[in-house]
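To start, the structure under review is shown below, and the notes come after it.
Nothing in this text is a laboratory measurement; each read-out follows from the coordinates by a stated rule. Bear in mind the structure is a predicted one, so any value in this text is a computation, not a measurement. Heads up, the Cβs are rebuilt from the backbone with ideal geometry, glycines too, and the neighbour counts pull from every protein chain shown.
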Amino acid sequence: MKILCIGDVCGSSGCDALRKFLPKFKAEHQIDMTIVNGENSYDKNGIVKQTSDHIFDSGADIITTGNHVFRRKDFYDVLDNSDCVIRPANYTKNAHGKGYTICDMGRVRVGVINLLGAIYINAPLNPFSVVDEIIDELKSDGVRVIVVDFHAEATGEKRAMGYYLDGRVSALFGTHTHVQTSDAQILPKGTGYITDVGMTGPRNSVLGMDVDIAITKVKDMLPVPFEFASGKSSVGGIVFEIDEKSGICQNVWSFCENIN
Ligand SMILES: [Fe+2]
Ligand SMILES: [Fe+2]
């Protein structure tokens, strides 16, 4: 089966680009399942019901999130009640929502796990400590295909997690840093991997943000308003081709496509 994973959708430009891109791409490449990171899909940062609905309407099966997931209180309801929207599993049990889910595609059930990095993001629980139990639970439930969105800042932490889970999950894609890395690969024991899949949003930007605002932020270290850039977008993603019976990744290819 082919699983498409798409990186952080940034604001309305990113949402528009996803809508233009996804249906056509899925048909062209016979994609069986699509996972989209939506944590930045709201223009004022975070994610709201309206943007998660838009992502599903565009063709996503599962939405993953990250460190911005709890910014909008009205989204807590969605987190608590949807089986198709997940937040990082390494928050405490007091957090709204769930950290993993099973997507029933008919002939195959796919487990999707969302994790948050501990380095520079300060996840409440260490992702390495929580992931083993989740994988065991999914496997004892008969799930053979498992995909992880590791939403993390540090390249080394993501690569270490890739090797830690190699052979135990079908694929791991990194999100959060918004710039696609050129290391799409199959790890030695059969896990498809990329350190960061990139973002879906305005390409003339600093990680999706307005350029002048971003420069002020880093140059003068002054508080600045949060504002996404506008203009044409690109979509960053990766396709994992997975053997459904063994859960092993057989092929992987990433892309960053400009949307006009
Ligand atoms: Fe992000
Ligand atoms: Fe993030």
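Which aspartates and glutamates, if any, have their Cα less than 18 Å from the Cα of K189, not counting same-chain residues under 8 positions apart? Output for K189: D132, D136, D166, E241, D243, E244. Of the three principal axes defined by the Cα atoms of the chain, the extents in descending order read 51, 41, 34 Å. In the structure shown, the pairs K93/K139; K44/K219; K49/K158 are assessed against 25 Å; a Cα-Cα span above that value is assigned to K49/K158.
Dipole magnitude for region 116-213: about 320 debye, using +1 per Lys or Arg Cβ and -1 per Asp or Glu Cβ, origin at the Cα centre. Once the Cβ-Cβ distance of D57 and K93 is raised to the sixth power relative to R0 = 25 Å, the FRET efficiency obtained is 0.20. Protection proxy ranking for 202-214, 218-230, 64-76, using the average of other Cβ atoms within 10 Å per residue and placing the highest first: 64-76, 202-214, 218-230.
DSSP bridge analysis restricted to region 2-259 gives an antiparallel fraction near 50%, rounded to the nearest 5. Cα centroids of region 70-94 and region 135-167: 20 Å apart. Estimated from the Cβ-Cβ distance and a Förster radius of 35 angstrom, the FRET efficiency linking S129 and N81 is about 0.80. Largest GNM mean-square fluctuation across N114, N37, N122, computed for the chain with C-alpha springs under 10 Å, falls on N122. Rounded to the nearest 20, the Cβ-based charge dipole of the chain about its Cα centre (Lys and Arg +1, Asp and Glu -1) stands at 120 debye.
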